[in-house]
Amino acid sequence: MSSVKIMLYRSKKKSDGRHPIVLRVIKNRKPSYLYIDWVEEKQWDDSKSKVKSSHHSYARLNNLLLNKLAEADDLILNFESNKRNYTAAQITDLLKGEQSTQLFFEYSEKYFDDLLKLNKFSRVFSDRGKISQFKKFLGNKDISFEEINQSMLNNFKVYLVTIQKVSERSVMNSLVVIRTIFNRGIRDGLVDQKYYPFGKNKIKIKFPQTIKIGLDEREIKSIENLELEIGSSISHSRNIFLFSFYTAGMRVSDVLRVKWSDIRDQRVYYKMGKNNKADSLKLPIKVLNILVIYKSDKRSENDYIFPELKKAEKNDERDLYRKTKTAIKKFNKYLSEIAIKAEINKKVTMHIARHSFGNIAGDKISPHMLQKLYRHSHLSTTIGYQGNFIHKEADDALDNVLNF
């Protein structure tokens, strides 16, 4: 709750005996003052919060006071009706015409700092790159929030497609980051909602449908049956890929963080890095066979199973992220070689292990069980994801039409 009052601030006094008339705003017990004018104490009416007629400009001053009071009430009503946070100081700054002049790219650094504090290094790396593209499009100059309008964003979309040669999905991802920062700016009182360039009849963010392609059973078996030198980097990369596939497409960043202490009663207990969701999975015999290969390198129960993070700084999320990123690049390089050796005409990467599980699962498993295996928060996400791989009914329907 907030309170607004016009008052004579008797704690302040000029050498000529005059006191300031102030508009006081209190929010969460913290006051902020807007100095309006100065009058003698005898010229002020406390009971009516107005200047007495003995002042030579009492009518003008009282009209000014009423206008400032109405402006303050309107600002507070606008913040509260839109469920936006604000402070008493923000209200008085706006009344002074001193709404924060912090610029968009300057403010975006606060967004990245907050992500870093939350150890969201992957998000920082990705989102900072998108904001850098936006800044490059604008000639590397900073701009105010109010300058970001529909025309500018439409031109930015054209720039990304024609100059940067990025996909439509990447364009939408860039707009999402800009929208996120803009929303934070509104929340923090840096820009008025009326300048928001997104939404109905404005810039709409709609992701194009993507085709997810996974390996089939034959291709997985071809990878399993390759004769690779034991202990080699290419063999190790295959082990990581198959570990991910055998555990329902566990993300490689989570695979590398699995410790020996997470393995209990032939189950793996872990917390999913993407949504911090805890779960456990039964370990198939094929996974247990992979673990045997790394058993000799086990130094303690709290040791990582796979070697990539063993030398990372303890509890240093930034270092863990860097080493994980380097490892994924290395794995994908060797997986390209594996695809050639296994005669697979698809791009094989660590992420395709998850798609491969979805492709082979097809419609063999109920959506609710797949939701648990994928660790999705919402069933709709699972249904949408699995829709990329369920083709049998559509294929049969097509055959029935053309079977004449």
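The numbers here are math on the coordinates, done by the rules we state, and not lab data. From a predicted model like this one, the values you see are computed outputs, not experimental measurements. Note that each Cβ is placed from the backbone with ideal geometry, even for glycine, and that neighbours are counted across all protein chains shown.
Data table
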{"item": "Rounded to whole Hz, the Karplus (6.51, -1.76, 1.60) HN-Hα couplings of region 73-80, x for glycine and proline", "result": "4, 5, 4, 5, 4, 5, 4, 6"}
{"item": "Translational diffusion of the chain, µm² s⁻¹ [Kirkwood Rh, Cα pairs; Stokes-Einstein; 25 °C; 0.890 mPa s]", "result": "92"}
{"item": "Unit Cα scatterers, Debye sum, region 104-195: log10 I(q)/I(0) for q = 0.15, 0.20 Å⁻¹", "result": "-0.57, -1.01"}
{"item": "For region 285-362, convex hull volume per residue from C-alpha positions, Å³", "result": "140"}
{"item": "Folded to 0 to 90 degrees: helix 150-162 orientation relative to the chain principal axis, Cα", "result": "30"}
{"item": "Bins of 5 Å from zero: percent of alpha-carbon pairs in region 125-174", "result": "5, 19, 32, 29, 12, 3"}
{"item": "Aspartates and glutamates with Cα under 15 Å of Lys12, excluding same-chain neighbours fewer than 8 positions away", "result": "Asp37, Glu40, Glu41"}
{"item": "Cα-based equivalent ellipsoid of region 2-95: semi-axis lengths in Å, sorted from largest, via gyration tensor", "result": "26, 14, 10"}
{"item": "Relative contact order [Cα under 8 Å, 6+ residues apart], region 2-95, whole percent", "result": "26"}
{"item": "For the chain, share of DSSP beta bridges that run antiparallel, in % to the nearest 5", "result": "95"}
{"item": "Computed [θ] at 222 nm, helices only, for the chain once each DSSP H run of length n ≥ 4 contributes -39500 (n - 2.57)", "result": "-15000 deg cm²/dmol"}
{"item": "Net charge over other residues, Cβ less than 15 angstrom from the Cβ of Gly17 (K, R count +1; D, E count -1)", "result": "+2"}
{"item": "Mean Cα-pair separation over length for the chain, i.e. relative contact order, pairs under 8 Å, 6 or more apart, %", "result": "12"}
{"item": "Proximal lysines to Lys200, defined as alpha-carbon separation beneath 24 angstrom and excluding residues fewer than eight positions away on the same chain", "result": "Lys83, Lys130, Lys157"}
{"item": "Net lengthening on full extension, Asp303/Arg60 (0.36 nm per residue, minus Cα-Cα)", "result": "79.8 nm"}
{"item": "Principal-axis tilt of helix 121-137 within the chain, Cα atoms, nearest 10 degrees", "result": "60"}
{"item": "Members of Lys259/Lys323; Lys5/Lys30; Lys282/Lys325 lying beyond 22 Å, as alpha-carbon distances in this model show", "result": "Lys282/Lys325"}
{"item": "Angle between the chain longest axis and helix 352-361 axis [Cα atoms, degrees, rounded to 10]", "result": "70"}
